[in-house]
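Some notes on the structure that comes next.
The values are calculated or read from the model by the stated rules, or taken from the named source; none is laboratory data. Please read these numbers as outputs of a predicted model, since none were measured by experiment. Cβ placement follows ideal geometry from the backbone for every residue including glycine, while neighbour counts extend to all protein chains displayed.
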Amino acid sequence: MKKLLQYLFEHKTLSREKAKEALVQISSGQFNETEIAAFITVFLMRSITIEELQGFCDALMELRIQFDTKGHEVMDIVGTGGDGKNSFNISTLACFIVAGAGQKVAKHGNYGASSISGSSNVMEQLGYKHKNNHDQLLKELEQANICFLHAPMFHPALKVVAPVRKNLGLRNFFNMLGPMVNPASPAFQLVGVYNLEMARIYNYLLQLTGRAFTIIHSLDGYDEISLTSDTKVITNLGERVYTPEELGKRMVEQTDIYGGNTVEESAAIFRKIIQGNGTWAQNAVVLANAAMALNCTGRYANYDAAYFAAVESLESGKALASLEKLIALQS
């Protein structure tokens with residue numbers, strides 16, 4: 001690692017092959033936490049290159065435990081995290097609304113490294129038991145329309161670096177990797193990013209997959225549709241900026257989508273919204289993200305039709321039923 005770090009400290013970048021090799025070595029436990037922290041810090045001090053990101057993705061996908069969905073075309077809704085906004089678990093809630101609307105979801109997530117409550121934290125608090133048992137996950141997908149893939153259980157490298165990431169408490173390139181390495185290889189993907197440079201990189205990488213995708217970035221820095229400002233939306237077909245009124249009927253305030261100070265508070269907000277008792281602003285933000293995800297599948301005439309399906313899923317109780325069924329399957 002010392003030789004590799006010295007190379008990087010000289011402001012040099014890694015080839016795709018060298019980046020892959022480095023992460024494979026980290027995964028195999030060849031380096032200590034101090035060395036790993038130094039390696040991560042390099043990419044906090046400069047932008048990661050597309051070749052480096054591809055190499056890191058190659059390593060994770062080669063080493064991953066794969067989840068075969070048995071022909072089900074699944075969706076993932078995931079943000080890179082690290083936007084520092086401490087909003088409630090919007091993407092995870094949107095997943096249940098999408099599942100309630102009939103689209104199967106394989107949600108890829110992790111514990112919060114730079115936030116109070118990541119998707120894995122809130123799912124645990126709601127009663128979900130993380131697992132990588134294929135048959136159990138497939139049962140959840142088929143019966144509840146959704147399963148949850150806790151990243152460290154599928155990616156050895158993420159398990160190795162988890163303590164370092166937690167101690168650093170800063171967003172880093174591992175935030176960038178998460179949306180690209182879902183073990184289920186979803187057919188449809190809604191990805192939220194925290195800046196426009198990330199949007200450009202993801203656009204390039206996701207175009208290479210040939211799968212349907214939508215990238216979203218709120219122009220005031222959220223890695224989701226926040227309705228606190230305009231939203232940049234990039235798809236396979238092009239890009240456009242939408243106003244909060246176009247996506248969610250009206251603008252909301254940042255305080256409206258605050259996520260609480262503890263995991264328990266985050267889970268309480270989650271339950272309140274999915275039970276149909278959320279505030280107007282909370283509902284609007286979740287519905288906008290779910291609608292954009294549904295629209296990504298190409299199964300709706302337009303965004304408005306997808307939004308109507310999202311509203312119906314939440315207000316009819318189908319989204320809640322999906323959550324309740326998923327939790328019931330844990331026993």
Original post:
Of (1) at pLDDT below 95; (2) more than 21 Å from I225 (Cβ to Cβ), G118 satisfies all except one. Which?
Top reply: (2)
Original post:
A321 versus (1) under 29 Å from H134 (Cα atoms); (2) within 21 Å of the chain's Cα centre (by Cα): which is the lone unmet condition?
Top reply: (2)
Original post:
Is there a residue in segment 230-237 that is within 24 Å of G112 (Cβ to Cβ) and over 21 Å from the mean Cα position of the chain (by Cα)?
Top reply: no
Subject >> Single match in K85, K104, K70 (criterion: under 26 Å from N203 (Cα atoms) and modelled with pLDDT of 95 or more) >> reply: K104
Original post:
Given segment 1-109, what helices (runs of 4 or more DSSP H) lie entirely inside it while holding 1 or more residues that are surrounded by fewer than 18 Cβ atoms within 10 Å (Cβ to Cβ)?
Top reply: 2-9, 16-27, 33-45, 50-63
Original post:
Does A157 satisfy the condition of being of a type in the set (A, V, I, L, M), modelled with pLDDT under 95 and buried (at least 20 other Cβ atoms within 10 Å of the Cβ)?
Top reply: yes
Original post:
Out of segment 283-309, which residues are buried (at least 20 other Cβ atoms within 10 Å of the Cβ) and either under 19 Å from the mean Cα position of the chain (by Cα) or not assigned by TED's automatic domain parsing to the domain that holds M123 (or both)?
Top reply: V285, V286, L287, A288, N289, A290, A291, M292, A293, L294, N295, C296
Subject >> Matching residues, segment 131-186, being assigned to a loop (DSSP other than H, G, I, E, B) and touching a helix residue (DSSP H, G or I) at 6+ places or on another chain (Cβ under 6 Å) >> reply: N132, N145, H155, N172, V181, P183
Subject >> Filtered residue count, segment 7-36, keeping only those that are under 18 Å from L168 (Cβ atoms) and β-branched (V, I, T) >> reply: 3
Subject >> Test: residue in segment 222-234 that is in contact (Cβ under 8 Å) with a residue 40 or more places away in the chain and surrounded by fewer than 18 Cβ atoms within 10 Å (Cβ to Cβ) >> reply: no
Original post:
From the list Y300, Y242, which one is of a type in the set (F, W, Y), out of contact with any helix residue (DSSP H, G or I) (no Cβ under 8 Å at 6 or more places or on another chain) and under 27 Å from Q207 (Cβ atoms)?
Top reply: Y242
**OP:** Could you tell me whether any residue of segment 222-233 is in contact with a helix residue (DSSP H, G or I) (Cβ under 8 Å, 6 or more places away or on another chain) and more than 20 Å from G84 (Cβ to Cβ)?
**Re:** yes
**OP:** Among the numbered conditions (1) modelled with pLDDT under 95; (2) under 20 Å from the mean Cα position of the chain (by Cα), tell me where L326 comes up short.
**Re:** (1)
